[in-house]
Amino acid sequence: MIGIIGGSGAYAIPDMQVIRENSIKTTFGNPSAKLLFGQLGESNIIFLPRHGSGHKIPPHAINYRANIRALYDCGAQCIISLNAVGAISAELKAPDLCIPEQLIDYTYGRDHTFFDGSNGVVEHIDFTHPYDENVRQALLLAASKLNLRFRGNGVYAVTQGPRLESASEVNRLERDGADIVGMTGMPEAALARELGIPYASICIIVNPAAGRSQEPITMSAILEHLDNGVANALTVIRSALPILSRHQLAKH
């Protein structure tokens, strides 16, 4: 079973054959929405829209722990995350795709670990490489076979939101080595690692980051690129699912 977390603009998968939907309650509360169980092609998947149905939950208020725990409890063997981001690197243009290999966490005040001391257990996970390389490689292989613009690496700067960044903040992120900037990559990736779920992200470039264009950043432009980018990202995921399904079945 492969988990897919939909980000901005991805509140459903159009050709997913939904078999059932479940309202899951975890020890960390309720996830963002009902989990949809079904098939995409020949692959069994669980779909969860991160922001809820119709984008009701802002990035800083998402119950990331409940989302990841719900997918874990329902048997997700790996997770693909869709994230809408801005482009810091000049080579990235909307609606390109980026499959990052690293991240930097600038968020604060989020419940960012399952090991918060409440159960008397403390763990320190290895987070050297935040994204699972097998899942990343499946996405890269799928993307390489399609006629799409994508970048197969990069550093994702995760900011608090929900406001967009200032130009000076983006300059700082660039000095830190970031290529893209978004608001939902953490603590999601770390929580998946804590539970041992292989996790990777496919990011959709929806705008140039602040100060990277003379034009103001408008929601109308973001939404236009989001529609195209989500469609392209889902095409990559559909192509990657058989690769991931074979890999996960071989492990179990």
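Assorted remarks:
- Ranked by the mean number of other Cβ atoms within 10 Å of their residues, highest first, the peptides 224-236, 69-81 fall in the order 69-81, 224-236.
- The stretch 2-251 - charge dipole about Cα centre, Lys and Arg +1 at Cβ, Asp and Glu -1, debye rounded to 20: 460
- Residues 121, 155, arranged from fewest to most other Cβ atoms within 10 angstrom of their Cβ, appear as 121, 155.
- Sequence ranges 162-171, 99-108, ranked by mean other-Cβ count within 10 angstrom, highest first: 99-108, 162-171
- Among 172, 20, the ranking by other beta carbons within 10 Å of each residue's beta carbon, starting with the fewest, stands as 20, 172.
- Sequence-ordered 3J(HN,Hα) estimates for the stretch 114-121 from the Karplus curve with 6.51, -1.76 and 1.60 and θ = phi - 60° stand at 7, 9, 8, x, 5, 10, x, 10 Hz, glycine and proline given as x.
- Backbone phi angles across the stretch 34-49, fed through the Karplus curve with coefficients 6.51, -1.76 and 1.60 (θ = phi - 60°), yield HN-Hα couplings of 4, 8, 9, 10, x, 10, 10, x, 9, 9, 7, 9, 10, 10, 9, x Hz in residue order; Gly and Pro are listed as x.
- Cross-link pairs 34/56; 93/145; 34/145 - those with Cα-Cα distance over 22 Å: 34/145
- Reachable aspartates and glutamates from residue 25, criterion Cα separation under 15 angstrom, eight or more residues apart if same chain: 73
- Gyration tensor verdict on the stretch 1-137 (Cα atoms; rounded if a/c is under 1.5, prolate if a/b is larger than b/c, oblate otherwise): rounded
- Cβ-based exposure ranking for 129, 60, in which fewest neighbours within 10 Å come first: 129, 60
- Calculated from backbone phi, Karplus (6.51, -1.76, 1.60) coupling profile of the stretch 129-135 in Hz, x at Gly/Pro: 10, x, 10, 5, 6, 5, 5
Taken together, the values in this text are just the output of simple stated rules run on the coordinates, not laboratory data. All values derive from a computational prediction rather than experimental measurement. Methodologically, a virtual Cβ is constructed for each residue, glycine included, from the backbone with ideal geometry; neighbour enumeration extends over all protein chains shown.
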